[in-house]
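These notes are about the structure you will find just below.
The values are calculated or read from the model by the stated rules, or taken from the named source; none is laboratory data. Being a predicted model, the structure only gives us computed values, none of them experimental. Ideal geometry is used to build each Cβ from the backbone, glycine not excepted, and the neighbour counts take in all protein chains shown. Only protein heavy atoms, including side chains, enter the accessible area calculation; ligands, DNA and RNA are left aside. Shrake-Rupley method; radii C 1.70, N 1.55, O 1.52, S 1.80 Å.
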Amino acid sequence: MAATMRVRNLSRDTELADRAAVADTFWRRLRGLLGRAGLEPGEGLVIKPCDSIHMIGMRFPLDVVHLDKSGTVVKVLENIKPNRLGPFVWRSRTAVELPAGTAAATGTVVGDRVVLEKIA
């Protein structure tokens, strides 16, 4: 993956990920997290553009936070199990895949403001 980002929930003053890879090309989005055994706390994947995700071929559950073009949370999917399809999320432009339990641990809910900061 090319860039790395920090993902912060400004509304809750919490950090969702301090090292999230970015999937912003067709091939990076296609591969996603396939082949990985899991995500460590603080890791994640920022997928853009993205209005739906799938868990086909995955080996571990995820939380997924969907953001609109301004960074507002429009949907939070918690503990999505492998080999499931996520819903189409209207207005979603970016999906942030996180270790299962991250959304609850950070209190992230629809309406929160999230920022993506590039890490040098």
Discussion item. At 0.36 nm per residue, and after removing the present C-alpha to C-alpha distance, how many nm does the segment from Arg19 to Val109 gain when stretched out fully?
Written reply: 30.3 nm
Fill in: Amide H within-cut-off set for Gly86, under 5 Å, with H built and near neighbours excluded
Ile53, His54, Met55
Worksheet item: When averaged across all projection directions, what area in nm² does the alpha-carbon convex hull of the chain cover?
Response: 6.4
Worksheet item: ³J(HN,Hα) across region 80-88 via Karplus (A = 6.51, B = -1.76, C = 1.60, θ = phi - 60°), whole Hz, x for Gly/Pro?
Response: 6, 7, x, 6, 10, 9, x, x, 5
Fill in: Cα centroid of region 94-120 to Cα centroid of region 1-30, whole Å
8
Fill in: Protection-proxy order for peptides 25-38, 69-82, each taking the mean of Cβ atoms within 10 Å per residue, highest first
69-82, 25-38
Discussion item. For Lys75, what residues show an amide H to amide H distance below 5 Å, using hydrogens built from the backbone and excluding near sequence neighbours?
Written reply: His66
Practice prompt. Counting only heavy atoms of the protein chains, get the accessible area per residue of the chain (1.4 Å probe) and round it to a whole Å² value.
Written response: 53
Response to the item:
Share of accessible surface on carbon and sulfur in the chain, whole %, 1.4 Å probe and ligands ignored, is 52
Fill in: region 60-74 - phi-based ³J(HN,Hα) in whole Hz, Karplus 6.51/-1.76/1.60, Gly and Pro as x
8, x, 9, 9, 10, 10, 8, 10, 7, 5, 9, x, 8, 5, 9
Worksheet item: With the dipole of the chain worked out from charges on the C-beta (+1 for Lys and Arg, -1 for Asp and Glu) around the Cα centre, which of Val109, Leu39, His54 lies farthest toward the positive end?
Response: His54
Worksheet item: Short version: what are the Cα gyration tensor semi-axes of region 18-80, square root of 5 times each eigenvalue, largest first, in whole Å?
Response: 18, 14, 12
Response to the item:
Applied in sequence order to region 17-27, the curve 6.51 cos²θ - 1.76 cosθ + 1.60 (Karplus, θ = phi - 60°) yields integer Hz couplings, x standing for Gly and Pro, of 8, 9, 8, 9, 6, 10, 10, 10, 10, 3, 5
Discussion item. Is there a quick way to get the dipole size of the chain? I mean about its Cα centre, with the Cβ of Lys and Arg at +1 and of Asp and Glu at -1; what is the value in debye to the nearest 20?
Written reply: 380
